[in-house]
Amino acid sequence: MEVDTQHYDDIIIGGGKAGKTLALALVADGRKTALVERSLNMIGGGCINIACIPTKTMVASANVANTVRNSAAYGVKTNTPSVNLAEVIQRKRSVVQSAREMNLHNLETALDNNLIIGEARFVAPKTIAVTTTEGNNRLLTAERLFINTGTRPLIPSIPELTEVEFLTSESIMELEYLPEHLIVLGSGHIGLEFAQMFRRFGSRVTVIGQSEQILSQQDPDIAIAVQRLLEQDGIEFLLKAKVLRVDSAGNQTILKIQVADRELSLQGSHLLVAVGRAPNTDSLNLAAAGVATDTRGFIQVNVRLETNVPGIWALGDINGGPQYTHISLDDYRIVKANLIDRGNRSTGDRLVPSCLFIDPELAHVGLTETEAQQQGYAIHVAKIDASAVPRAKTLGQTDGLLKAIVDTYTGRILGCSLLCHEAGEVISTVQMVMQAQMPYTVLRDGILTHPTMTEGLNILFSKL
C-alpha cells in the first residue's frame, strides 16, 4: 500500500489549548505546521468539548434552579422549579458547538489542508503515522514535534466495575433524564461539581471518598467547610471508604463498601466514576520515539517542557503537571517564548490558581497552611467568615470563609483560600499581589470598591 509522506517544520499532535494556540503562532512565524487531532468533535481540545466549558454551562443551569427554589428568601415567590435535563443538555451542546466551530474556523484558516483529522502514532523519533478518519494512511516527518493529547477519565481497578453500566465525567453530560439516586465515586473537584449540580437538579446524591476528608490537598478546615455546605444541599458523604465490588440488579447499581471495620451495601440508580484522569499516551507508540513516561503514563518533561528526546515537547495535561486549561495556555507561552521569541521561560516558580466551581466557589492560590508549616515558614493566618463581607449579605450569599497565609518576617502572602461567592474572580487580585511580591498590607489598606466581594480582602487582611 502506498503511503503519502509529507515533511513539516513542526507537527503538533492534539489540538487542546496549548496545541491549537501554538499552531497559530508557528504558522504566523512562517513555519510549515501540521496539527493532528483525532476527531472533529474534539477540535479545540478537552476544555471546550468535554471539560471546563460544558460543565460550567451545566453548573449555571443548576444554580438557576437553586435560586428559583430559594427565591422566597429574597421576597420573590415562584413555583417550585421543574428541571428539564434534556433542555439543559441541549443548551450545553449549543455552547460547546459554538466554541468548537470558532476554533475549527481559526485552525482551517491558518493551517488550510494541514489540519489533519485522525489517529497519530510514532514510528520513529521525528516521524508519525496518521490513520485519517477517511481511512487514509499518511506518514509525517518534522524537525520538531509537540505532544498535546490530554487525558481521559481514569477507570479504577474495582472488581466487576467494567461489567456494569457506569458514568464518567463525559458520559454524564449526555444523560437526558434525571438520576433518581446518583452515587459519585470520588471526592475531588470533578466529583463534587457533579454532585452539587445533580443534587440541585433534583437527584439524591451520595459521594464516596477514599480519604478521611474531601479535597485531600486542602487544609482540613477548608475541606470541612466545603463538606458542610454540600451537606446543607442534601448531599450525603461516605469517607474513608473503599469500594470492594460493584454489582447490578435490574436497573440498580449496588456497591459493596468497606468503611473502617464494617462493610455496607449502597444502592443507586446511577454510578459516576470520578477518581481522576489518565493520560492519552497509550496509542501514541512513544517507545518508537524513545519518549520517557512516568509510571502512570504521563510524559516526563523538564522545566522548559522538553522531553528526553531532543526536538520533542509535551504540553498540557499530558506532561503530568496541574490539569488546568490555564496551565496548558502557559505551557504554550513557555514554548513560544523559547522557540519563537528567543526568550528563556520555564515552569519554575509558577503561581497556579485553581477554582472549584461549586456554589459558593472555592478558589485557591499558593501554599496551604499545612504546606507552609511543612516548608518551615513562620506564618500568620488570617481567617474570616464570608458573612463578614457586606456584599455577601446583600446577595444572601453568606456561607463560606476566607483564609490567608502570610510570612511573618516578610509580610508577603504565601497562600490564600477563598470559599465564597465569586471566589474565582476575587482570587486573581490576591494572585497579582503575590506575583508582584508586595506585602499583604497592599490589600489591607487598598481602597477597594464598596460593596463588592473583593472588598472582603480589606477585612480579611485587617485580621493580621
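Residues that are buried (at least 20 other Cβ atoms within 10 Å of the Cβ) and either of a type in the set (K, R) or part of a helix (DSSP H, G or I) (or both): does region 176-186 have at least one?
Here is the first cut: in region 176-186, the ones buried (at least 20 other Cβ atoms within 10 Å of the Cβ) are 179, 182-186.
Remaining after also requiring either of a type in the set (K, R) or part of a helix (DSSP H, G or I) (or both): none.
Checked region 176-186: no residue is buried (at least 20 other Cβ atoms within 10 Å of the Cβ) and either of a type in the set (K, R) or part of a helix (DSSP H, G or I) (or both).
Could you please let me know if A25 is closer than 25 Å to F122 by Cα and part of a strand (DSSP E or B)?
Details: closer than 25 Å to F122 by Cα: yes; part of a strand (DSSP E or B): no.
In short, no.
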- Item | Test: residue in region 111-121 that is farther than 27 Å from L24 by Cβ, of a type in the set (S, T, N, Q) and not in a strand (DSSP E or B) | no
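Could you pull out the residue among R342, R350, R333 that is part of a loop (DSSP other than H, G, I, E, B), in contact (Cβ under 8 Å) with a residue 12 or more places away in the chain, surrounded by fewer than 18 Cβ atoms within 10 Å (Cβ to Cβ) and not β-branched (V, I, T)?
Values: R342 fails: in contact (Cβ under 8 Å) with a residue 12 or more places away in the chain; R333 fails: part of a loop (DSSP other than H, G, I, E, B).
After applying the criteria, what remains is R350.
Answer yes or no: is there a residue in region 432-452 that is modelled with pLDDT of 95 or more, under 29 Å from R200 (Cβ atoms) and touching a Leu at 6+ places or on another chain (Cβ under 6 Å).
Going residue by residue through region 432-452, those that are modelled with pLDDT of 95 or more are 432-452.
If we keep only those that are under 29 Å from R200 (Cβ atoms) too, we end up with 451-452.
Those still in the list that are touching a Leu at 6+ places or on another chain (Cβ under 6 Å) too: none.
Within region 432-452, not a single residue is modelled with pLDDT of 95 or more, under 29 Å from R200 (Cβ atoms) and touching a Leu at 6+ places or on another chain (Cβ under 6 Å).
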- Could you check how many residues of region 132-156 are β-branched (V, I, T), modelled with pLDDT of 95 or more and within 22 Å of K32 (Cα to Cα)? 3
- Item | Filter pass, V76 being surrounded by 18 or more Cβ atoms within 10 Å (Cβ to Cβ) and either part of a helix (DSSP H, G or I) or more than 28 Å from the chain's Cα centre (by Cα) (or both) | no
- Identify, by number, the condition in (1) buried (at least 20 other Cβ atoms within 10 Å of the Cβ); (2) farther than 30 Å from A386 by Cβ; (3) touching a residue at least 60 places away in the same chain (Cβ under 8 Å) that T293 doesn't meet. (3)
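Filter region 79-94 down to the residues that are among the β-branched types (V, I, T), assigned to a loop (DSSP other than H, G, I, E, B) and either assigned by TED's automatic domain parsing to the domain that holds D233 or closer than 24 Å to I53 by Cα (or both) and list them by number. Even if it seems obvious, please write down each step before you answer.
Here is the first cut: in region 79-94, the residues among the β-branched types (V, I, T) are 80, 83, 88-89.
Among the residues that remain, those that are also assigned to a loop (DSSP other than H, G, I, E, B) are: 80, 83.
Scanning region 79-94 gives a single hit, V83.
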- Out of (1) within 29 Å of the chain's Cα centre (by Cα); (2) surrounded by fewer than 12 Cβ atoms within 10 Å (Cβ to Cβ); (3) at pLDDT below 95, the odd one out for E87 is which? (3)
- Message: When the residues of region 92-140 are narrowed to those that are within 15 Å of A23 (Cα to Cα) and among the acidic types (D, E), which ends up surrounded by the fewest Cβ atoms within 10 Å (Cβ to Cβ)?
- Response: D112
- touching a helix residue (DSSP H, G or I) at 6+ places or on another chain (Cβ under 9 Å), surrounded by fewer than 19 Cβ atoms within 10 Å (Cβ to Cβ) and assigned to a strand (DSSP E or B) - does that describe any residue in region 223-243? yes
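Determine if region 441-456 includes at least one residue that is under 30 Å from N319 (Cα atoms) and not assigned by TED's automatic domain parsing to the domain that holds A73. Lay out the reasoning, then the answer.
Step one: filter region 441-456 for residues under 30 Å from N319 (Cα atoms), giving none.
No, there is no match, as no residue in region 441-456 is under 30 Å from N319 (Cα atoms) and not assigned by TED's automatic domain parsing to the domain that holds A73.
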- Task: Specify the residue that is surrounded by the most Cβ atoms within 10 Å (Cβ to Cβ); the eligible residues are those in region 296-317 that are touching a Gly at 6+ places or on another chain (Cβ under 6 Å) and among the β-branched types (V, I, T).
- Result: V309
- Item | Number of the exception - A223 against (1) of a type in the set (A, V, I, L, M); (2) in contact with a His (Cβ under 8 Å, 6 or more places away or on another chain); (3) free of Cβ contacts under 8 Å to residues at least 40 places away in the same chain | (2)
- Message: So Y324 ticks every box in (1) surrounded by fewer than 16 Cβ atoms within 10 Å (Cβ to Cβ); (2) free of Cβ contacts under 8 Å to residues at least 60 places away in the same chain; (3) at negative phi but one. Which box is left unticked?
- Response: (1)
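The values are calculated or read from the model by the stated rules, or taken from the named source; none is laboratory data. Here the structure is a predicted model, which is why all the values come from computation and not from measurement. Cβ coordinates were reconstructed from backbone atoms using ideal geometry, including for glycine residues, and neighbour counts include every protein chain displayed.
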